[in-house]
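Structure, as structure tokens:
Any read-out appearing in this document is the output of simple, stated calculations on the displayed coordinates, not a laboratory observation. Computed from a predicted model, the values in this text were never measured in an experiment. Reconstructed Cβ throughout: ideal geometry from the backbone, glycine too, with neighbour counts over all protein chains shown.
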Amino acid sequence: MSADVTGPARGSSPASVRTRALTKRFRHQTAVDAIDLEVPAGAVYGFLGPNGSGKTTTIRMLLGLIGATSGEIEVLGEPMPGGASRTLRRVGALVEGPAFHPYLSGRANLARLDAADPHSDARTAPARIDAALDRVGLLPAATKRFRAYSLGMRQRLAIANALLVPRDLLVLDEPTNGLDPQGTREVRHLVEELAADGTTVLVSSHLLSEVDQMCTHIGVMFEGRLVTQGTIEAMHDQARSVDQAVRVETDRVDDAATALRGLGLTDVRPSGGHVSARLGEVEVAKIVPALVDAYVPVLGFTVVRPSLEDVFVSLTGEGFDVSG
Ligand SMILES: Nc1ncnc2c1ncn2[C@@H]1O[C@H](COP(=O)(O)OP(=O)(O)OP(=O)(O)O)[C@@H](O)[C@H]1O
């Protein structure tokens, strides 16, 4: 596999991760297609996309676990893979969960993994391990066997493993996948706390609601392409600018449809008991009076505000299961 990965030109804004035209092809399939990722320092960046959209492949390239086919990667200001060994010490990652021993305690498991790291300093291990356990709220359960841990505790221990040395960037691949609601809340809360401490977090997810709740930035992958990225605020603004829809409940749907078309609404769809239509530039306040003038009994009237999900549907041309 030929890798053509060199450092991109430095931009003015500090970015923890920056890629230019990053691409990965597997035989005939382009899993990651020329993406320009930009994770600002201090962000909690939600890397959102349906299964198979290329998130894990991207993350594996950022961490140097697989080579890129082409494109450029910069992590914490260093071109990759050029500065890899030095830079990756400052990056904690949870990609495939570490193999924990079920009969060892949480603390003993971390000690085992730390001892297996050729860069770790054995003299500082006990203090570093307890600091990591403390950081994820597992110090009180440090002596419990791993197999007695709940799903959320197991995942928090996996994150503690990524925090055995101080990190500037934490990369978490689908950290809530397979967790129960309680475990999901625990991990989400932990990510928020880590971000509050100043760690930049890149977290992948296929759940929009999750990204919306815990992230400051979002990047959306679809079929290997990064279809949009920016702040969560900007995405909500974009949602507000998507054309609103109205829904009129009535027992005279054909007359209602005629009246709505007459007002200039588009995509007018009459169906059993209601009519929906796109508002466009038409003033909402004019709709009900116009229906009444046309002798349409209005049994219900709703303006449907577009959600973030509608933005992604408009970007990808189809919906994907992002709402959980
Ligand atoms: N080693 C590989 N060899 C061949 N194809 C691969 C390999 N790894 C990933 N792919 C393919 O690349 C595409 C992107 O996969 P990837 O795992 O990056 O997606 P994802 O968004 O992380 O989804 P998931 O959440 O399911 O892991 C998929 O079609 C997958 O089958």
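Structural remarks
- With a cut-off of 13 Å between beta carbons, the residues surrounding residue 215 carry a summed charge of -3, where Lys and Arg count +1 and Asp and Glu -1.
- Surrounding net charge for residue 306, when Lys and Arg each add one and Asp and Glu each subtract one, Cβ distance under 9 Å: -1
- Packing rank of 69-79, 132-142, where each peptide gets the mean count of other beta carbons within 10 Å, highest leading: 69-79, 132-142
- Residue-normalised convex hull volume from the C-alpha trace of the range 31-140: 150 Å³ per residue.
- Cα-based equivalent ellipsoid of the range 132-217: semi-axis lengths in Å, sorted from largest, via gyration tensor: 20, 16, 10
- For the chain, a Gaussian network of Cα nodes joined below 10 Å ranks 179, 37, 265 by mean-square fluctuation, and the top entry is 265.
- Net charge of neighbours whose Cβ lies under 11 Å from the Cβ of residue 200, counting Lys and Arg as +1 and Asp and Glu as -1: 0
- The range 242-307 - Debye-derived log10 I(q)/I(0), Cα point model, q = 0.18, 0.22 Å⁻¹: -0.53, -0.81
- Farthest towards the positive end of the charge dipole of the chain, among the residues 224, 258, 41, is the Cα of 41, using unit charges on the Cβ of Lys, Arg, Asp and Glu.
- Compactness of the range 159-300 as Cα Rg over 2.2 N^0.38 Å, two decimals: 1.60
- Per residue, the chain reaches -9500 deg cm²/dmol at 222 nm when only DSSP H runs of four or more residues are counted, each adding -39500 (n - 2.57).
- Entry note, the chain: relative contact order of 19 percent, from Cα contacts under 8 Å with a spacing of 6+ residues.
- Amide hydrogen proximity for residue 94: with H placed 1.01 Å from N in the peptide plane, the residues at 5 or more positions away or on another chain lying under 5 Å are 171, 172, 173.
- Each residue of the range 218-225 was assigned a 3J(HN,Hα) from its phi angle through the Karplus curve 6.51 cos²θ - 1.76 cosθ + 1.60 (θ = phi - 60°); the sequence is 9, x, 10, 9, 8, 6, x, 9 Hz, with glycine and proline shown as x.
- Cα-based convex hull volume of the chain per residue, rounded to whole Å³: 173
- Built amide H within the under 5 Å cut-off of residue 105, gap 5+: 146
- The chain: antiparallel DSSP beta bridges as a percent of all, rounded to 5: 70
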